[in-house]
Amino acid sequence: MLIVRKTDRIEGVVNAPPSKSYTHRAVIGASLAEGTSRIKNPLNGADCLSSVHGCRMLGAEIELNEEYWIVKGTSPQTPDNIIDIGNSGTTLRILTGISSQIPKGYAILTGDDSIRRRPMQPLLDALKQLGIEAFSSKGNGTAPIIVKGGKLKGDVVKIRGDISSQFITSLMMTLPFNENDTEIVLTSPLKSRPYLEITMDVLDKFGIKIDETEDGFLVYGNQKYKAIDYTVEGDYSSASYLVAAGVLFNSDITINNLFKDSKQGDKAIIKIVKEMGADVKVKDDKIIIRGEYNLHGIDVDVKDIPDLVPTIAVLGCFAEGKTTIYNGEHVRLKECDRLSACAKELSKMGAKITEKPDGLVIEGVKKLKGAKLNTYHDHRLVMAFTIAGMKAEGETVIEGEEAVRISFPNFVEVMKSLGANIEVR
């Protein structure tokens, strides 16, 4: 567990961890390329290592080093065992599509308790439209997922856009194997668009061409992934906790490895804290914060930034007035129901939060008190609640701190280097 006590000041220079989203896509893209790729500055977190494991099971040879990974790619091969992807929804969704291209037999993909509850049916239905046999072993649209190797057929696939962009990313990464050009038609409004922009950005580097259409996307057929050297940029989602700490505390911090022109949707954290009243300086590849700031509540549409919800919720607790988080029904389908979890756990600290079907309404109370918090094995809750605990009166006990291994493995060390009064017990 993590013991968090009130912290008066933070200062120092730190690097944002490498992007989880970019690392997933880069290592999977490299594993599908003919030849050898080098992935520089990868995130050595549990989720991305799940993608490494899955790619190895499908035939890629991957050598891991702290600062780079060497990937010798191949066309997907039939795995000789079940692919256990742990807690990584991104890995499950992308590799479900990729597994359809094995030459014979079946691929079986599963994961931990949380993964075996996450929806997969929209992707399974989309693959069926393309002539691929893929189904839930339980018959309820959740993992374990069984995929039979087969040839992609057809030139149109329809899929919802409002449950998970990962389904669409899976199609984007699989459809280059189709002989035909394939149009992905979205049957409902698209949420989490920036994640698809990340997918297209990475695929473009690996030589895969995708165009946006009026109704969705066009993936060109008969394309081949090419081996490249690829450098992973810093992660705005993980950096959001550092940004929140910077604006809430007496601070002087610089966060490196954050690119101003990044396609990551979660760079919106900078716009959000500025709108709340923080004077954050943005340079080409770094963020400079000298807090603290008197924040005021705002309304935030989280349609495209679901991973920022726990950070925004904590900021809202310490802001003046009301903060409203809306358009976030899909936030309930993450590692846990993050809307419910934020409302329940922050309320233990004295927060005034009302849970809505699509979001949260937070009345700023300016002060919280220490409490024992459950994080539901969710890495983003651990990190957001740590910031809340550092600002709260008394001691906060956060259970399940090891979940940070998923996206920010050295989170505790980085926070302590800035002066956070926290310890693992």
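The values are calculated or read from the model by the stated rules, or taken from the named source; none is laboratory data. None of the values given here were measured: they were computed from a predicted structure. Note that each Cβ is placed from the backbone with ideal geometry, even for glycine, and that neighbours are counted across all protein chains shown.
When the residues of the range 373-425 are filtered to those that are in contact with a Gly (Cβ under 9 Å, 6 or more places away or on another chain) and hydroxyl-bearing (Ser, Thr, Tyr), the one that is surrounded by the fewest Cβ atoms within 10 Å (Cβ to Cβ) is Ser417. Only one of the numbered conditions (1) crowded, with 17+ Cβ neighbours inside 10 Å; (2) in a helix (DSSP H, G or I) is not met by Pro42, and that is (2). Checked against the criterion of being out of contact with any Leu (no Cβ under 7 Å at 6 or more places or on another chain), assigned by TED's automatic domain parsing to the domain that holds Ile28, closer than 29 Å to Leu333 by Cα and of a type in the set (Asp, Glu), the candidates Asp47, Asp80 yield just one match: Asp47. The residue pairs whose first member lies in the range 268-296 and is in the same structural domain as Gly316 (by TED's automatic domain parsing), whose second member is aromatic (Phe, Trp, Tyr) and in a loop (DSSP other than H, G, I, E, B), and whose beta carbons are closer than 7 Å, counting only pairs six or more residues apart or on different chains, are Gly277/Tyr293; Ala278/Tyr293; Asp279/Tyr293; Asp285/Phe259; Gly291/Phe249; Glu292/Phe249; Leu295/Phe318. Selection over the range 356-397 of residues that are β-branched (Val, Ile, Thr), within 18 Å of Gly419 (Cα to Cα) and part of a loop (DSSP other than H, G, I, E, B) gives a count of 0. Taken over the range 177-193, residues that are surrounded by 20 or more Cβ atoms within 10 Å (Cβ to Cβ), within 24 Å of the chain's Cα centre (by Cα) and not aliphatic (A, V, I, L, M) amount to 2. Selection over the range 155-190 of residues that are under 21 Å from Ala33 (Cβ atoms) and in a loop (DSSP other than H, G, I, E, B) gives a count of 3. Within the bounds of the range 92-103, is there any residue that is assigned by TED's automatic domain parsing to the domain that holds Leu171, more than 25 Å from Val219 (Cα to Cα), touching a Leu at 6+ places or on another chain (Cβ under 7 Å) and not in a loop (DSSP other than H, G, I, E, B)? No - not one qualifying residue is present in the range 92-103.
Candidates Lys128, Lys72: the one that is free of Cβ contacts under 8 Å to residues at least 40 places away in the same chain, among the basic types (Lys, Arg) and in contact with an Asp or Glu (Cβ under 8 Å, 6 or more places away or on another chain) is Lys72. Of the residues that make up the range 164-172, is at least one touching a residue at least 12 places away in the same chain (Cβ under 8 Å) and either surrounded by fewer than 20 Cβ atoms within 10 Å (Cβ to Cβ) or not assigned by TED's automatic domain parsing to the domain that holds Gly73 (or both)? No, every residue in the range 164-172 fails to be touching a residue at least 12 places away in the same chain (Cβ under 8 Å) and either surrounded by fewer than 20 Cβ atoms within 10 Å (Cβ to Cβ) or not assigned by TED's automatic domain parsing to the domain that holds Gly73 (or both). Of all the listed residues (Gly29, Gly54), the sole one being more than 20 Å from Ile145 (Cβ to Cβ), touching a helix residue (DSSP H, G or I) at 6+ places or on another chain (Cβ under 8 Å) and not in a loop (DSSP other than H, G, I, E, B) is Gly29. Of the numbered criteria (1) surrounded by fewer than 16 Cβ atoms within 10 Å (Cβ to Cβ); (2) in contact with a Ser or Thr (Cβ under 6 Å, 6 or more places away or on another chain), the one Lys286 fails is (1). Selection over the range 131-154 of residues that are without any contact (Cβ under 8 Å) to a residue 24 or more places away in the chain, surrounded by 14 or more Cβ atoms within 10 Å (Cβ to Cβ) and at negative phi gives a count of 3. Before we move on, is Leu346 in contact (Cβ under 8 Å) with a residue 60 or more places away in the chain, in the same structural domain as Leu381 (by TED's automatic domain parsing) and in a helix (DSSP H, G or I)? No; evaluated as a whole, the condition is false for this residue. In the set (1) without any contact (Cβ under 8 Å) to a residue 40 or more places away in the chain; (2) in a strand (DSSP E or B); (3) within 24 Å of the chain's Cα centre (by Cα), the condition left unmet by Leu109 is number (1).
Taking the criterion of being outside any helix (DSSP H, G or I) and either among the acidic types (Asp, Glu) or at pLDDT below 95 (or both), the residues of the range 191-212 that qualify are Lys191, Ser192, Asp211, Glu212.
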